[in-house]
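Note sheet for the following structure.
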Amino acid sequence: MRNRINLLPLEGKFYKANLHSHTTISDGRLTPEQDKEAYKSRGYEILAITDHRIYGNHEALNEENFLVIPAVEVDINQVSAERLCPEDKTYHINLYDTRPDFKAEEKKKGICPERRYGDFEYINSYIQEMKDMGFLACYNHPYWSMQSYEDYSGLKGFFAMEIYNHGCEHDGLYGYNPQVYDEMLRLGNRMWCVATDDNHNCFLLDDPLSDSFGGFTMIKAKELTLDAVMQALAKGEFYCSMGPEIHELYIEEDELVVKTSPVQKIYVKMDSTRCYRKVDLSEEGLTEARFKLDGNEKYIRVEIKDKDGKFANSNAYFLEDIGYEKGEN
Ligand SMILES: [Zn+2]
Ligand SMILES: [Zn+2]
C-alpha cells in the first residue's frame, strides 16, 4: 500500500456550517428560531449563534439534523466602549463552547474581556483563560476591524481565524483576508481558517445585500453531536468556502492530491512566494490536481477559485505536524 496522509479525514460526513451569526438577542433582526429556520431551509446543519457580548446556549433549538453551537462574540475596542467612531480599531473574537456544562453559571454571567487594546500579554492571557473554560477562540474579520500587522502579529492561542466574512464583504468589500492568514502562519502560528456569514439580516434574505449564505465552513465529523463537531473543529477537519467545494485532500507518497467541484484554479500556497498551480479557464474547468511536494514547504494550504470568482480554502498544514518527512515518502 502506498504511504498516504489524509488531510481531510476519510471517515465521517461533511456538515455545512455558519459559524458566525447575530440574532435579536444582540443587533440581529431574526430571532434565534428564525435564524435557525433560515439556515436549515438552505441545507445547513450547523449554526453558531454568536451574539455580541452575550453568551448563548441555544440547546432547545437542537434536533436530530440540526446543531446550534453555544457561543458568543466578544470585542476589545481601542477608543470607545461601543466603537462609535468609524476609525476605532477593534478585536472581535468568537468563542465556541466545547463544554457548555462546565462553569455554565460563570459563562452566563459574562466573560467579556477588559478594554485593553494592544496589551498582548493581557489579551493572550484572556484567550488562554477562555480555552481553560472550554472555548475555541477565533480571530474575526481583521480587515473590517481596521487592523494591521502590529495589531495581530503578537496574538497567540486562536484555534482559527476568519479568512472570509460575508457581512464584512457587504460592509466595504472587507470580506476576504488571505494575507492576514499567511502572515499569521509565517510567524509559526498553528491556526485553521473558517468562512462565515456574520449575518445581522438588516436586508431580506433574497436582497442582494443579504448577509446570509455567503461564507460557510464544511466540517467533516463522525456524527452531528456537539462533541463530534467541536472535536473536528479543534483538529482542523474542515475546509471553508464562498461556493466551490473541496471533496478530497490527501498526500500519497510525495504527491498532494486535491479533488474539487469544477473550478478554474487550484493553487497550493506556502511560506514563500513559491506556489504550485493548475489552471483551466474552459467551461468545464478542473476537478482534480496533483502536485509533487519537495519537502521544503514549511506549510501547505490549498486555495481554489471558480468561474464566478468565488474562493474555497483548505486549512494550512505544517509538514512537520502531519508527519511528512522529506525523502521518506
Ligand atoms: Zn465582529
Ligand atoms: Zn459578528
Divide by every residue of the chain the summed helix terms, -39500 (n - 2.57) for each DSSP H run of at least 4, and state the resulting mean residue ellipticity at 222 nm, rounded to the nearest 500 deg cm²/dmol.
-5000 deg cm²/dmol
Among the listed pairs LYS235/LYS307; LYS222/LYS298; LYS36/LYS156; LYS40/LYS265; LYS103/LYS235, those beyond 27 Å (Cα-Cα)
LYS235/LYS307; LYS222/LYS298; LYS36/LYS156; LYS40/LYS265
What nm value, rounded to one decimal, do you get for the distance between ARG29 and ASP280 when each label is placed 7 Å out toward the C-beta?
4.2
Could you give the nm distance between label points at ALA104 and HIS52, where each point is 7 Å from its Cα heading toward the beta carbon?
2.8
Starting from 0.36 nm per residue, how many nanometres of slack lie between LYS326 and ALA234 once their C-alpha separation is accounted for?
30.4 nm
Given a 10 angstrom Cα cut-off, can you work out which residue in PHE135, PHE102, PHE159 is the most mobile in a GNM of the chain?
PHE102
For ILE5 and GLN179, extending 7 Å from Cα along the Cα-Cβ vector and measuring point to point gives, in nm, a value of 3.0
Bin all alpha-carbon pair distances of the range 246-313 at 10 Å intervals from 0 and give each bin's fraction as a whole percent.
21, 55, 22, 2
Among rounded, prolate and oblate, which fits the range 149-283 when a ≥ b ≥ c are the square roots of the eigenvalues of its C-alpha gyration tensor, a/c under 1.5 means rounded, and a/b larger than b/c means prolate?
rounded
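Does the range 232-273 come out rounded, prolate or oblate, given a ≥ b ≥ c as the square roots of the eigenvalues of its C-alpha gyration tensor, rounded meaning a/c under 1.5 and, failing that, prolate meaning a/b above b/c?
Details: a/c = 1.29, a/b = 1.05, b/c = 1.23.
Since a/c stays below 1.5, the shape of the range 232-273 is classed as rounded.
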FRET efficiency for GLU59 and ARG290, using Cβ-Cβ distance with R0 set to 30 Å, rounded to 0.05
0.10
Where a ≥ b ≥ c are root eigenvalues of the Cα gyration tensor, a/c under 1.5 meaning rounded, otherwise prolate if a/b exceeds b/c and oblate otherwise, the range 9-242 counts as rounded
Rounded to the nearest 20 debye, dipole of the range 217-294 from Cβ charges on Lys, Arg, Asp, Glu:
280
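Run the dipole for the chain about the Cα centre, Lys and Arg Cβ at +1, Asp and Glu Cβ at -1, nothing else charged, and hand back the magnitude in debye, nearest 20.
520
Each value in this text was obtained by applying a stated rule to the coordinates, not by laboratory testing. Owing to the predicted nature of the structure, the values given are computational and were not obtained by experimental measurement. Positions of Cβ are generated from backbone atoms using ideal geometry, with glycine treated the same way; all protein chains shown enter the neighbour counts.
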